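Asks: This structure is in C-alpha cells; I'll ask about it shortly.
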Amino acid sequence: MAVVVRERGEAEHVQGSRDHLEANVLPRVRQVPGIVSGLFMTDEAGRTLNVLMFDSEEAARAALGPIQNAPRPGFLRFEDATLHKVLVHF
C-alpha cells in the first residue's frame, strides 16, 4: 500500500526545502512502522506530491493520522493524504 500526500506552498521555499526534508522530515519518516520507501516531489508552482510505500495496508492506514497532523514549516500547507493500492513497485 502507499499513502500519497499532497501539499502546497510558496514555490521558492518548497523548491529549496531539501535541507529541511533531510534534517527534519526524513528522520521521522524512517521511524514509521512498516515504511518501505518514499518519494518527495515538487513542481514549479510549489505543489508537492509525496508517495510513501508501506509493507501492509494496516501500516499505511496507521500512518494517515500522523501524516495529516505532522508539523510543517509555515510556507507549506497540507492538502490531503490518500491510500492507494500498489500494483507494481520496482
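Asks: Relative to the first principal axis of the alpha-carbon coordinates of the chain, what is the inclination of helix 57-69, with its axis defined by its Cα atoms, in degrees from 0 to 90 and to the nearest 10?
Replies: The helix 57-69 is inclined about 20 degrees to the chain.
Asks: Separate question: With an 8 Å cut-off on Cα pairs and a minimum separation of 6 or more residues, tell me the relative contact order of the range 2-84 in percent.
Replies: Numbers: 127 pairs, mean separation 40.6, N = 83.
Value for the range 2-84: 49 percent.
Asks: If the viscosity is 0.890 mPa s and the temperature 25 °C, what Stokes-Einstein diffusion coefficient in µm²/s follows for the chain when Rh is the Kirkwood radius over Cα pairs?
Replies: Details: Rh = 13.4 Å.
For the chosen part, D equals 184 µm²/s.
Asks: While we're here: Using just the helices of the chain, give the 222 nm mean residue ellipticity in deg cm²/dmol: DSSP H runs with n ≥ 4 each add -39,500 (n - 2.57), and the total is spread over all residues, rounded to 500.
Replies: On the way: 3 runs with 22 residues, N = 90.
Rounded to the nearest 500, it is -6500 deg cm²/dmol.
Asks: Would you mind checking the range 35-57 for residues with the amide N under 18 Å from a putative spin-label position 7 Å along Cα→C-beta of LEU83?
Replies: Taking a point 7 Å out along Cα→Cβ of LEU83, the residues of the range 35-57 whose backbone N falls under 18 Å are 35-37, 51-57.
Asks: Moving on. When the Cα centres of the range 40-90 and the range 12-31 are compared, how far apart do they sit, in Å?
Replies: One Cα centre to the other: 13 Å.
Asks: Let me ask something additional. Rank VAL86, VAL36, ALA60 by how far each Cα sits towards the positive end of the charge dipole of the chain (+1 on Lys, Arg Cβ; -1 on Asp, Glu Cβ) and give me just the farthest.
Replies: Positive-end residue among those listed: ALA60.
Asks: Given Cβ point charges of +1 (Lys, Arg) and -1 (Asp, Glu) and nothing else, what value in debye, to the nearest 20, does the dipole of the chain about its Cα centre take?
Replies: Working: 10 positive and 12 negative charges, 35 e Å.
It comes to approximately 160 debye.
Laboratory data are not the source of any read-out in this text; all were calculated from the coordinates shown. Just so we're clear, the structure is a prediction, and the values are computed from it rather than from any experiment. Neighbour counts run over all protein chains shown; Cβ positions are idealised from the backbone, glycine included.
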